Amino acid sequence: MALAAPTLVTARLRLRPFAEADGDALFSLMSDAEVLRYWDSPPWTDRESVGRFFERSRTMAEDGSGARVVIEHTESGAFLGWCTFNSWDPDFRSASLGYCLTERAWGHGYATEAAGAVLAWAFGALDLNRVQSETDTRNLASARVLEKLGFRREGTLREDCIVDGVVSDSWVYGLLRREWEAGRASAG
């Protein structure tokens, strides 16, 4: 069953499906060594990576395993990054969440706002029970985003990534539907 990428609007952001016109901004983001210093793969060095990313996004949507959306600033239309809901398993009612934002978007709450919108969509549209996310243990800003969204740190994957010879650990975070709903009820 296909899972179309949604269009979502928040107070400051518009999340929408990727378009071919996003290729330059996507390449700029994913080739930025500073942005990807905690990523599980090295920065892109060839433009063909954009096509592969778009193809994987189409495949995820077609096979129903996930959706990727552009994060753009509502007023300026500036490309701020992207957010993904992937590894959707309807039998286990579980999925994963990820995001990547430009350096100029850091520290403004955009990751929390965008990921929160994607979570609200996913919990509302699907019979979702659990969402998992991972972050490099050195990426404290990303860990704070997940914790603000209600995720709980569940463990550490020791030496799970080796990128350009650098070995790193990842924290695994989980968020259950009942925790998401309780957090929304107390916030509203």
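Just checking, how many residues over the range 20-35 are part of a loop (DSSP other than H, G, I, E, B) and either of a type in the set (D, E) or at pLDDT below 95 (or both)?
Our first condition is that a residue be part of a loop (DSSP other than H, G, I, E, B); within the range 20-35, this holds for 31-35.
Narrowing the set further to residues that are either of a type in the set (D, E) or at pLDDT below 95 (or both) leaves 32, 34.
So the answer is 2.
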Which ranges mark the strands (runs of 3 or more DSSP E) fully within the range 94-179 that have 3 or more residues being surrounded by 13 or more Cβ atoms within 10 Å (Cβ to Cβ) and polar (S, T, N, Q)? 130-136
Given the structure, is V35 in contact with a Lys or Arg (Cβ under 6 Å, 6 or more places away or on another chain) and under 21 Å from E134 (Cα atoms)? no
Is it true that S41 is at pLDDT below 95 and within 23 Å of D160 (Cα to Cα)? yes
Scanning the range 22-59 residue by residue, those surrounded by 14 or more Cβ atoms within 10 Å (Cβ to Cβ) and of a type in the set (S, T, Y) turn out to be S31, Y38, S49, S57
Are there any pairs, at least 6 apart or on different chains, whose C-beta atoms fall under 9 Å, with the first in the range 7-20 and touching a residue at least 12 places away in the same chain (Cβ under 8 Å) and surrounded by 12 or more Cβ atoms within 10 Å (Cβ to Cβ) and the second in a strand (DSSP E or B) and small (G, A, S), and if so, which? P17/A67
Name every residue in the range 48-62 that is without any contact (Cβ under 8 Å) to a residue 24 or more places away in the chain and farther than 18 Å from C100 by Cβ, in order of residue number. E48, R58, T59
So A122 passes all but one of these: (1) over 30 Å from F27 (Cα atoms); (2) among the aliphatic types (A, V, I, L, M); (3) at pLDDT 95 or above. Which condition number does it fail? (1)
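The values are calculated or read from the model by the stated rules, or taken from the named source; none is laboratory data. Keep in mind it's a predicted model, so treat the numbers as computed, not measured. Every residue, glycine as well, gets a Cβ built from its backbone with ideal geometry; the counts of neighbours run over all protein chains shown.
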